[in-house]
Amino acid sequence: MTSSTHTPALAARHDLRINGERLWTSLMDLAKVGATPLGGVRRLALTDLDRAGRDLVVSWMREAGLTVRIDQIGNIFGRRAGTDPARKAVASGSHIDTQPSGGRFDGNYGVLAALEVVRTLNEHNISTAAPIEIAIWTNEEGTRFTPVMMGSGAYAGVFELADVLAARDLDGLAVGDELTRIGYAGDTPLGAEPLDAYFEAHIEQGPILEDRGLPIGIVTGALGQRWFDVTVTGMDAHAGPTPMPLRRDAGLAMARIIEAVNAIALAEAPDGRGTVGYVQIGPNSRNVIPGSASFSVDLRHPHQEGLLRMDAALREQAAAVATSTRTRIEVRQVVEFPPCAFDQHCVDLVREAAQTHDLPHLDIVSGAGHDAVYVARVAPTAMIFVPCKDGISHNEIEDASPDDIEAGANVLLTAMLGRAG
Ligand code: HGY
Ligand code: MN
Ligand code: MN
């Protein structure tokens, strides 16, 4: 049994463990909010379901004795006081908004692992010098409202508050109005409480850890990303009387660019990534040559120069396709962040924590963006990965094992205590 006379770091080294059962139960309870038929979760940012999820986790934060504050972009912070009020908080968290056909673990795991750390400290009566904070970042997924990682980006000063509050979804609803509607338009100024450090636990969302049979990923950084909206303007025309050479087929142009995006990423093997995930075509009638097409392009790379090569190749090939299909093509960048490296001391704390718990581990670069990427701009940051089944995420069948979920949260507990003193 640990007593409060132990220094937390010492206690954490030898016998302090989170309660895996309680963490798993909380994950499954939160997953009920927006549960989908195949066992996933649809809880889009700032919808009523997001409000329900926020309300539930905030109630758990309050039950754990945390002081809760909401900032101007709706980020939620739950604070556990430290013994040294002069210290900045050691924080952990993630997001609870999901993809339209998302899973139970993406984001939700990081928030509830952080809550489990607090619950464990409470039940063992352990106090820390630095305050401990849990963060829930608004609209990490960027699927309903662009840009992606909106709340953490605004917190870190990457986005202007006015700009993100004005972002609109496909129905024209604005972030600011939706925040007010769900009751999470907070008044804490963005970035008001600088953090001493930030740790985020997350499923890997890829196959590497599972393939290697490893429970823990020591995340050293994340791929840089560039997202684009591409708009093609051709000419609606009759599918019968219009000879092939005279067409201005926006659908054909889109198909050629989708092919080009794939080739651009393959040319940057093994770590280049290129995806067209969102497409619209007009007038979307089977016997009309499509005169309009709009779609997303998501490019990623571990090195900035690689990302720039991919960006240039996309623009070049789009111009060539415009000529070959006699269409007008606009390529507009909507998201951009360079590859990021996490803080060495925090990464070392994560690695030491994995060693403390005798958990085999691997250094890994995140292919996905995370709130940690933006928080790293303003605080020393690191991440902990755990495997997900078959490496699948952003899919209702996303799954993880209770043992890995528990192991990751134990690593989080020890790493945070190593920093919080
Ligand atoms: O797109 C991403 O990388 C993150 O999952 N939002
Ligand atoms: Mn996520
Ligand atoms: Mn995600």
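The values are calculated or read from the model by the stated rules, or taken from the named source; none is laboratory data. Everything numeric here is computed off the predicted structure, so don't read it as measured data. Positions of Cβ are backbone-derived with ideal geometry, glycine not excepted, and every protein chain shown enters the neighbour counts.
Observations on the model:
- Filtering the range 270-326 to residues that are among the charged types (D, E, K, R) and either within 13 Å of Asp229 (Cα to Cα) or loosely packed, with under 14 Cβ neighbours inside 10 Å (or both) leaves Arg286, Asp298, Glu305, Asp311, Arg315, Glu316.
- Every residue from the range 77-99 that is closer than 25 Å to Lys32 by Cα and either in contact with a Pro (Cβ under 8 Å, 6 or more places away or on another chain) or within 16 Å of ligand 2 (Cβ to nearest atom) (or both): Ser92, Gly93, Ser94, His95, Ile96, Asp97, Thr98, Gln99
- Phe105 away from ligand 1 (no atom under 16 Å from the Cβ), closer than 19 Å to His202 by Cβ and either out of contact with any helix residue (DSSP H, G or I) (no Cβ under 8 Å at 6 or more places or on another chain) or not aliphatic (A, V, I, L, M) (or both): no
- Whichever residue in the range 27-50 is part of a loop (DSSP other than H, G, I, E, B) and of a type in the set (A, V, I, L, M) and, among such residues, is surrounded by the fewest Cβ atoms within 10 Å (Cβ to Cβ): Leu38
- So Asp97, is it over 23 Å from Pro338 (Cα atoms), among the charged types (D, E, K, R), modelled with pLDDT of 95 or more and within 16 Å of ligand 1 (Cβ to nearest atom): yes
- Any hit, the range 161-173, residues being of a type in the set (A, V, I, L, M), within 16 Å of ligand 3 (Cβ to nearest atom) and either farther than 23 Å from Asn75 by Cβ or outside any helix (DSSP H, G or I) (or both): no
- Candidate set: the range 1-26, residues that are at pLDDT 50 or above and surrounded by 20 or more Cβ atoms within 10 Å (Cβ to Cβ); chosen: the one farthest from Leu417 (Cα to Cα): Ser26
- Selection within the range 100-156 - of a type in the set (Gly, Ala, Ser) and either within 13 Å of ligand 2 (Cβ to nearest atom) or closer than 17 Å to Leu23 by Cα (or both): Gly102, Gly103, Gly107, Gly110, Ala113, Ala114, Ala135, Gly142, Gly151, Ser152
- Candidates Gly78, Gly82, Gly74: the one that is without any contact (Cβ under 8 Å) to a residue 60 or more places away in the chain, more than 16 Å from ligand 1 (Cβ to nearest atom) and surrounded by 18 or more Cβ atoms within 10 Å (Cβ to Cβ) is Gly78.
- For the criterion of being over 30 Å from Pro380 (Cβ atoms), of a type outside the set (Phe, Trp, Tyr), part of a strand (DSSP E or B) and over 25 Å from the mean Cα position of the chain (by Cα), Glu259 fails.
- Which listed residue, of Ala135, Ala130, Ala114, is more than 11 Å from ligand 1 (Cβ to nearest atom), out of contact with any Cys (no Cβ under 7 Å at 6 or more places or on another chain) and either without any contact (Cβ under 8 Å) to a residue 40 or more places away in the chain or in a helix (DSSP H, G or I) (or both): Ala114
- Taking first residues from the range 190-213 that are closer than 27 Å to Arg104 by Cβ and among the polar types (S, T, N, Q) and partners that are part of a loop (DSSP other than H, G, I, E, B) and within 16 Å of ligand 2 (Cβ to nearest atom), the Cβ contacts under 8 Å between residues at least 6 apart in sequence or on separate chains come to Gln205/Asp106; Gln205/Gly367; Gln205/Ala368; Gln205/Cys388; Gln205/Ser393; Gln205/His394.
- Options Gly93, Gly151: the member that is under 15 Å from the mean Cα position of the chain (by Cα), assigned to a helix (DSSP H, G or I) and surrounded by 24 or more Cβ atoms within 10 Å (Cβ to Cβ): Gly151
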